[in-house]
Amino acid sequence: MGSGNALASETLTTLYIENDADSALLTSTHLRFVALGLGLVFLARQDEADVTIETLAAANNGAAYAKLTVQTCAYAGTGNVLRVQELLHTLAREIPPEDAPEAAELGVAVLGVSLIALGEPVGEEMSRRMFEHILQYGEPAVRRAVPLALALSNLSHPDVYAVDTLSKLSHDASPAVAQGAILGLGLVAAGTNNARVAGLLRALASYYHQEPTHLFAVRIAQGLTHLEIGRAHV
């Protein structure tokens with residue numbers, strides 16, 4: 001991770017491109033993990049990822065997901081305005097159906113804006129305003145990435161705005177948005193034992209006691225909140 005290792009990047013790039021033509025694999029979790037692994041090789045390496053990004057850009061359209069993932073990881077925490085603009089341009093194009101392979105790219109773009117702006121106060125404020133706009137007017141394929149994006153920009157920092165927003169989204173009509181918001185609460189309070197978030201998660205455990213998937217997300221969030229604290233009263 002973050003090594004820029006040429007052999008690792010070449011192997012993963014080849015593996016991704018060779019399977020890129022298979023439409024069934026394009027939406028599989030396994031192939032997306034390959035893209036994430038490729039991105040982590042170039043974590044914060046910036047220009048060193050350019051060759052890999054260009055290789056993926058020249059491949060079939062399905063490689064666009066991997067290209068965005070590598071680009072996001074390579075510039076994470078840099079506040080690079082040009083890269084953020086490119087991601088915003090991706091979000092501005094025509095929205096595909098929610099179950100289309102291209103829809104996943106939009107989620108990566110949203111997360112990318114958050115990661116690139118991470119640690120840069122002005123960039124974080126701009127991304128926060130963008131998230132508000134997406135929540136109000138965005139399509140489902142884009143909205144479902146917002147809770148995790150907001151959480152990533154507030155890791156282990158239970159900011160009042162972030163907690164309030166995620167608490168509201170945890171009751172969203174879209175299961176994907178609600179589950180992302182629940183996990184987001186765990187991420188913003190990770191290791192802090194924050195009393196307010198702990199109370200919200202206990203309430204969510206009661207609210208979703210008949211929804212196994214939501215309840216599972218609540219339990220993970222509770223574990224993150226009480227991370228390294230010891231036995232948690234959940």
request  = Work through the residues other than residue 117 whose Cβ is under 12 Å from its Cβ and net out their charges, Lys, Arg +1 and Asp, Glu -1.
outcome  = 0
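Just the number, please: carbon plus sulfur as a percent of the accessible area of segment 135-234, 1.4 Å probe, no ligands or DNA/RNA counted. Numbers along the way, then the final one.
Working: 2800 of 4890 Å².
Here carbon and sulfur together make up 57 percent of the probe-accessible area.
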query = Hey, what angle do you get for helix 212-225 against the long axis of the chain, alpha-carbon based, 0 to 90 degrees rounded to 10?
reply = 90
inquiry  = Using only the alpha-carbon atoms, how far is helix 101-116 inclined from the longest principal axis of the chain? Give it as 0 to 90 degrees, nearest 10.
reply    = 70
ask   = Roughly how tilted is helix 29-41, in degrees to the nearest 10 and between 0 and 90, from the longest Cα axis of the chain?
value = 80
remark   = Probe 1.4 Å, heavy atoms of protein chains only: per residue, the accessible area of the chain in Å² is 50
message = Give me the one-decimal Kirkwood hydrodynamic radius in Å for the chain, with the sum taken over alpha-carbon pairs.
response = 18.3
ask   = Say each of residue 164 and residue 227 gets a label point 7 Å from the Cα, pointing the same way as Cα to Cβ; how far apart are those two points in nm?
value = 2.6
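The values are calculated or read from the model by the stated rules, or taken from the named source; none is laboratory data. These numbers come from a predicted model, not from an experiment. Cβ sites come from the backbone with ideal geometry, for glycine too, and all protein chains shown count toward neighbours. In case anyone asks, the SASA skips ligands and DNA or RNA and just uses the protein heavy atoms, side chains included. Shrake-Rupley method; radii C 1.70, N 1.55, O 1.52, S 1.80 Å.
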